[in-house]
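Take a look at the structure set out below.
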Amino acid sequence: MGNSVGDRVKIFDTTLRDGEQSPGVALSWQEKLALAEQLARLGVDVIEAGFPQASVGDFEAVRTIAKNVSGVTIAGLARCHEVDVRRAAEALDVAQKPRIHVFLATSPIHMRSKLKMTSQEVLDRVGSMVALARSYYEDVEFSAEDATRSDHEFLCQVARVAVQAGASTINLPDTVGYTTPDEYQDLVRCVKDAVNNDAVTISVHCHNDLGLAVANTLAGIEAGCRQVEVAVNGIGERAGNAALEEVVMVLSARKDALKVTHGVDTREIYRASQMVSRLTGMAIQFNKAIVGRNAFRHESGIHQDGMLKDPSTYEILSPESIGIGSTVFVLGKHSGRHALRQRLDELSLSVTTEQLDDIQHRIKALAEEKSAINDHDLEALWQDVVGRGIEAPTSELLSWQVTTGTQVRPTAHVVIRQEGGVVEDSGSGDGPVHALFQAISRAVGQPQAELSDYQLITVSPGEGGLAAARVSVTVDTMECLGQSTDSDVLKASAMALHQALSRVREKIKKGVVA
Ligand code: KIV
Ligand code: ZN
């Protein structure tokens, strides 16, 4: 079955749901809303905003996005449980275009070991829960979890039941990243033929455990699926999902081969990628396709020579096509509050009056060292101010001091305010960051925590530029991330360490098992 020129593939973005399931990632509702606005600017067809029954925070985030982001379908995930479906429906009742996305596993291993359900019970449950979802909204998607390890005949039966109950999208997730492109094509064709209904969209959702997520997604398109579920920067459970930017840019650059269109404004890709990286704290590998730091850099003399003569000798995409180089320089030392508020609004970065004051104060300080503040700086400062207010309300790093040098063992001293009052502690380490970590972990009462990752990333290069410190702290199997931005790298590090360790402390206090 070939594609016909002009067929349109829907881009279903799951950065805020499957992407947020990446280990250690936790986004506040304000961060999720800012990302959803950017996804809408990017032009995706569906934003999966979250899993409303998972927690009150998830419910509120889905509801806020549903209320504020228009022109795009907003999906909420639900297990095949009545309470999940009703909760998703409630979260979405303010959406202009709501979709309930229900899922149930169909593979023998999941049905036997996880669900403890027979095949008949699965069929009945799919029928009743899709029908329940359909009683709320017209747009219902059904996903057969672990579709690629399911019996084909049974999967086709499930798909037919879901369609009869009212599902208009049937998604076939490669939940464990196990399939191969040929195998996946057979599966997509088999289900498409069984459903045999042009009004039903077949969708693919690929995980990257074997590094095949994008290849499998494209194979799905070749076999006739017309929705792809993807995440910005490929984030998601374990090795992640198919990367939105890779799938979309293949569809754009190789239209001749894939013969389908999409509705994404590719010039918004780079900004979306940077925002996701900054807000989740997940760095982008340097050689990552499309959005990695090296994706458009040419090192060898032969390549550089070719590029100077004609860029198409070594570049199949231009940096401009994904929005690199379009950074806007907007604010300086003399920019007023009104200009700042306006730019924040344009970037969909919502703030309270106090947060606006705080950001303005930080901009003035930064502008002393750097002549023009660009959007990247502004987003980083926004995240720093907004994120800190939400995430660590019960603990505040009042002051810190580090002594280091060639002949001394680095030591740090910190003063922290938390519920019990003001505490001070000290620590020493192999380097200044390690010393800060020791001091803060003792002060917040988490001396057992380990610093599992530390990265320093340039937000804006040049003298006086901002740097973001990203840290990961673990206690047994529990991981918390922290991130902070400043032109002083030790200050950024101290704040990030304090944020991650405060999150550990909060989780342990709330009884989250480490
Ligand atoms: O990977 C998966 O199976 C999923 C479903 C819930 C769609 O994320
Ligand atoms: Zn998934």
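The values are calculated or read from the model by the stated rules, or taken from the named source; none is laboratory data. Here the structure is a predicted model, which means the values were calculated and not measured. Reconstructed Cβ throughout: ideal geometry from the backbone, glycine too, with neighbour counts over all protein chains shown. Accessible surface areas use protein heavy atoms only, side chains included; no ligands, DNA or RNA. Shrake-Rupley method; radii C 1.70, N 1.55, O 1.52, S 1.80 Å.
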Residue list for region 42-58, restricted to those being touching a residue at least 12 places away in the same chain (Cβ under 8 Å) and buried (at least 20 other Cβ atoms within 10 Å of the Cβ): 42, 44, 46, 47, 48, 49, 50, 51, 52, 53
Among (1) assigned to a loop (DSSP other than H, G, I, E, B); (2) surrounded by 20 or more Cβ atoms within 10 Å (Cβ to Cβ); (3) among the polar types (S, T, N, Q), the one test that residue 70 misses: (2)
Helices (runs of 4 or more DSSP H) enclosed by region 273-384 - at least 3 residues per element that are out of contact with any Asp or Glu (no Cβ under 9 Å at 6 or more places or on another chain) and open to solvent by less than 40 Å² (accessible area, probe 1.4 Å): 353-367
Region 199-234 - residue that is open to solvent by 10 Å² or more (accessible area, probe 1.4 Å) and part of a loop (DSSP other than H, G, I, E, B) and, of those, farthest from ligand 1 (Cβ to nearest atom): 199
Which numbered condition residue 75 fails, given (1) more than 28 Å from residue 186 (Cβ to Cβ); (2) within 15 Å of ligand 2 (Cβ to nearest atom); (3) out of contact with any Gly (no Cβ under 7 Å at 6 or more places or on another chain): (1)
Members of region 1-26 that are modelled with pLDDT under 90, part of a loop (DSSP other than H, G, I, E, B) and open to solvent by 20 Å² or more (accessible area, probe 1.4 Å): 1, 2, 3, 4, 5, 6, 23, 24, 26
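So that you can scan it fast, the table gives a plain yes or no per residue for (1) more than 15 Å from ligand 1 (Cβ to nearest atom); (2) in contact (Cβ under 8 Å) with a residue 40 or more places away in the chain; (3) of a type in the set (Asp, Glu):
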{"position": "176", "(1), (2), (3)": "no, no, no"}
{"position": "182", "(1), (2), (3)": "yes, no, yes"}
{"position": "193", "(1), (2), (3)": "yes, no, yes"}
{"position": "241", "(1), (2), (3)": "no, yes, no"}
{"position": "253", "(1), (2), (3)": "yes, yes, no"}
